[in-house]
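For reference, the structure is listed below as C-alpha cells.
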Amino acid sequence: MKITYQDIIRNKEIEQYIAMGNEVLGKLGFTEHSVKHAAVVADRAAKILEDIGASKKEIELAKIAGYMHDIGNCVNRHDHAHSGAIIAFQILRDLGMPTEDIAVIVSAIGNHDEATGTAVTPVSAAVILADKTDVRSNRVRNKDTAAFDKHDRVNYAVRKASVTTDPKKGVIHLNIKLDEDICSVLDYFEIFTERMLMCRRASELLGLRFKFTVNGSKVL
C-alpha cells in the first residue's frame, strides 16, 4: 500500500475536516466526534479484523476507513456518511491511493450510518461494530447533568464498555457496565436499538454472532 494509516493521521486536511465536524456537532448538541473518537473506531475496527485472521491489507484499510468515517459531519450531520465518502474519495485519490483500496474505504464510510447503510464488506462490518460500540461517559460534552437530553444521559451512564472477539466461539461481545441510577437498560435500548441490530448484521457478515450484555445480563 502506498498510503498507510500513519499517513492519514498525519494529514492536516483530514484533521481539519474532522475537527470542523466535531465543532458543528457540538453546536447541535451531539456527543464528541473528535479525532479521539476517530482513533478509537480505527483501532477497534483493526482489532476486530485482526482477531478473525483478516489480511494485513484489510486491517489497514479498516483503520483508515474507521479514522475517516465521520469526516462528512463538516458538511452536515444529515447524510454525513455519503458526503463523507465523497470527501474521502477525493482526498485519497489526490494522495495516490490505488482505486481498489479507495473503493473499499468509501464503501465502508458510506455504509456506516444506520439510517441508510449496512455491512457490505468485512471492512465496513468492522467499522460499523467499532463505531456503534464506542459508548463512554467522556463523549458527553454537556457538563450540566440537569440539562441532559436522553442521548447525553445514556452515554453518561456508561461506566465501562468493552468489545471482545472470540473466533473459536464465533462471538463478538459488547459488554457494558451501566449506572442504572442514571439510565435504565430500557432507556439504552430506546436510543441504540437500531445500532445494536446493525451490529448484529455486521457480526453475521464476519461469520460471528453478536452478543450484548449489560451489567452481566444478556440482552442480545
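The values are calculated or read from the model by the stated rules, or taken from the named source; none is laboratory data. Bear in mind the structure is a predicted one, so any value in this text is a computation, not a measurement. Cβ: placed from backbone, ideal geometry, glycine included. Neighbour counts: every protein chain shown. Accessible surface is based on the protein model in full, side chains and every heavy atom, while ligands, DNA and RNA are left aside. Shrake-Rupley method; radii C 1.70, N 1.55, O 1.52, S 1.80 Å.
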Name the pairs: first residue in the stretch 49-61 and closer than 24 Å to R209 by Cβ, second residue open to solvent by less than 30 Å² (accessible area, probe 1.4 Å) and among the charged types (D, E, K, R), Cβ to Cβ under 7 Å, at least 6 apart or on different chains? none
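Of all the residues that make up the stretch 148-189, how many are at negative phi and either in a helix (DSSP H, G or I) or among the small types (G, A, S) (or both)? Give the steps one after another, and end with the answer.
The initial filter retains those residues of the stretch 148-189 that are at negative phi, namely 148-169, 171-189.
Those still in the list that are either in a helix (DSSP H, G or I) or among the small types (G, A, S) (or both) too: 150-157, 161-162, 184-189.
Counting residues in the stretch 148-189 that are at negative phi and either in a helix (DSSP H, G or I) or among the small types (G, A, S) (or both) gives 16.
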Members of the stretch 157-171 that are surrounded by 13 or more Cβ atoms within 10 Å (Cβ to Cβ) and more than 18 Å from the chain's Cα centre (by Cα): A157, R159, D166, P167, G170, V171
Determine, yes or no, whether A65 is surrounded by 15 or more Cβ atoms within 10 Å (Cβ to Cβ), in contact (Cβ under 8 Å) with a residue 24 or more places away in the chain and under 28 Å from I172 (Cβ atoms). yes
Subset of the stretch 145-156 (residues that are surrounded by 15 or more Cβ atoms within 10 Å (Cβ to Cβ) and polar (S, T, N, Q)): N155
Candidates R10, R77, filtered to the one that is surrounded by 15 or more Cβ atoms within 10 Å (Cβ to Cβ), among the basic types (K, R) and on the phi < 0 side of the Ramachandran plot: R77
Using the structure shown, decide if I86 is in contact with a Leu (Cβ under 8 Å, 6 or more places away or on another chain), free of Cβ contacts under 8 Å to residues at least 40 places away in the same chain and not acidic (D, E). no
Which of (1) under 26 Å from L49 (Cβ atoms); (2) not in a helix (DSSP H, G or I) does R200 not meet, given it meets every other one? (2)
One residue from D101, D94, D51, D43 being of a type in the set (D, E) and within 17 Å of the chain's Cα centre (by Cα): D43
Across the stretch 120-144, which residue is surrounded by the fewest Cβ atoms within 10 Å (Cβ to Cβ) among those that are of a type in the set (S, T, N, Q) and in a helix (DSSP H, G or I)? N138
Restricting attention to the stretch 74-83, which residues are in a helix (DSSP H, G or I), over 15 Å from I128 (Cα atoms) and in contact (Cβ under 8 Å) with a residue 24 or more places away in the chain? C74
